Amino acid sequence: MFLQSQGELALGSRFKALSESLYTIANASYRAAGIDLDAHWFPVLRYLQVKGPAGVSAIASAIGQTHSAVSQLATKLQRAGWITRRGDRGDARRSVLDLSAEGERRLAGMGPIWYAIRRAAAAAVARSGGPLMGALSKLEADINSGRVQREVLAEHARLRIAKPDIEPFRREWREHFYRINAEWLERYWTIEDIDHRVLSQPEKLVLEPGGAIFYALVDGEVIGTCAMLQESPGVFELTKMGVETGWRGIGAGRLLIEAIIGEFHKRRGKTLFLESNAKLGPALKLYESAGFVHHPAPRPGSHYQRSDVYMIYEAKASKAAPKQKRAQGKQRM
């Protein structure tokens with residue numbers, strides 16, 4: 001290739017061409033998976049999915065694009081039904097972007113294809129190892145050969161039908177305990193001090209005092225977590241239950257809750273409770289179907305500022321409606 005002969009002088013041009021090739025692969029992968037999404041939209045949509053509503057300036061700064069580019073894309077996404085735009089109550093000159101209900105639905109099942117693209121890209125980068133210019137040439141050849149595209153589709157085919165596995169805590173997975181829970185906490189509220197301490201020190205604050213942590217995995221990738229804290233002998237709290245965006249609706253949340261309940265019975269616990277928030281409607285329905293019963297007032301002495309729901313597990317309640325139980329397993333956490 002001519003640009004390769006120009007060495008470092010053409011580095012920017014080669015990266016641009018490489019970027020467009022990767023966009024082409026991503027778009028072809030989306031089409032093959034039956035997904036109507038343009039890869040160029042990913043940064044804005046993913047930011048809103050993970051971080052929640054934000055102004056154009058904040059998004060532009062976070063994803064490294066200009067205010068104008070994000071604003072123009074936002075207009076396109078709004079017309080296509082992906083996002084909504086509303087005025088900022090604190091500043092009439094600003095607007096706040098957020099995913100629409102349809103946008104949330106469309107993105108809810110993107111985990112398999114996004115993981116497939118990430119895996120194939122990582123493999124291509126690993127194969128191109130060496131000094132930068134030589135590695136770049138290998139990476140270009142790898143992408144142009146169609147190998148990366150084939151690997152994306154093969155990975156997606158496996159991930160799309162893979163079922164979640166539940167495993168107990170392993171030290172090499174500890175970072176996911178923080179990552180996955182921080183995602184939903186920051187999306188709806190903030191990470192409170194107690195959250196930060198528990199998520200940062202799972203061995204010391206969860207396991208050593210007699211608790212347990214479980215992970216949901218798909219094909220070896222951690223996509224969900226849930227913990228059981230021992231508050232006093234026989235009294236346990238189900239807490240820090242989260243499933244990564246893009247993987248909700250495949251039953252991982254249900255399996256995590258069942259693992260906690262199984263551990264509770266194994267230890268002959270007396271009380272298993274949880275605290276939540278009324279904003280998390282689908283999660284509350286999932287808890288209800290698993291046997292957790294609402295109590296009329298927030299738990300006295302609650303650890304969490306966000307808590308306005310208090311539920312206690314009753315084994316008989318989980319057997320009341322098996323049809324409902326299966327249906328709620330499809331709800332988003």
> Which residues, taken from region 243-263, are in contact (Cβ under 8 Å) with a residue 60 or more places away in the chain and touching a strand residue (DSSP E or B) at 6+ places or on another chain (Cβ under 6 Å)?
Replying inline: Val243, Glu244, Trp247, Ala252, Gly253, Leu255, Leu256, Ala259
> What are the residues in region 167-184 that are in a helix (DSSP H, G or I) and in contact (Cβ under 8 Å) with a residue 12 or more places away in the chain, if any?
Replying inline: Arg171, Trp173, Arg174, His176, Phe177, Tyr178, Ile180, Asn181, Ala182, Glu183, Trp184
>> farther than 30 Å from Asn277 by Cα and surrounded by 15 or more Cβ atoms within 10 Å (Cβ to Cβ): is that true of Glu151 in this structure?
In response: yes
> If we scan region 113-127, do we find a residue that is more than 26 Å from Arg179 (Cβ to Cβ) and part of a helix (DSSP H, G or I)?
Replying inline: yes
> In region 100-116, which residues are among the aliphatic types (A, V, I, L, M) and either within 15 Å of the chain's Cα centre (by Cα) or farther than 22 Å from Ile59 by Cβ (or both)?
Replying inline: Leu107, Ala108, Met110, Ile113, Ala116
>> Here is a list: Ile63, Ile113, Ile117. Which entry is aliphatic (A, V, I, L, M) and touching a His at 6+ places or on another chain (Cβ under 7 Å)?
In response: Ile113
> From the list Arg299, Arg306, Arg332, Arg326, which residue is part of a helix (DSSP H, G or I), of a type in the set (Lys, Arg) and either at pLDDT below 90 or within 23 Å of the chain's Cα centre (by Cα) (or both)?
Replying inline: Arg326
> What about Glu244, is it assigned by TED's automatic domain parsing to the domain that holds Ala315, among the charged types (D, E, K, R), within 25 Å of Arg46 (Cα to Cα) and crowded, with 23+ Cβ neighbours inside 10 Å?
Replying inline: yes
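The values are calculated or read from the model by the stated rules, or taken from the named source; none is laboratory data. Computed from a predicted structure; not experimentally measured. Don't worry about glycine lacking a Cβ; one is built from the backbone with ideal geometry, like all the others, and counts go over all protein chains shown.
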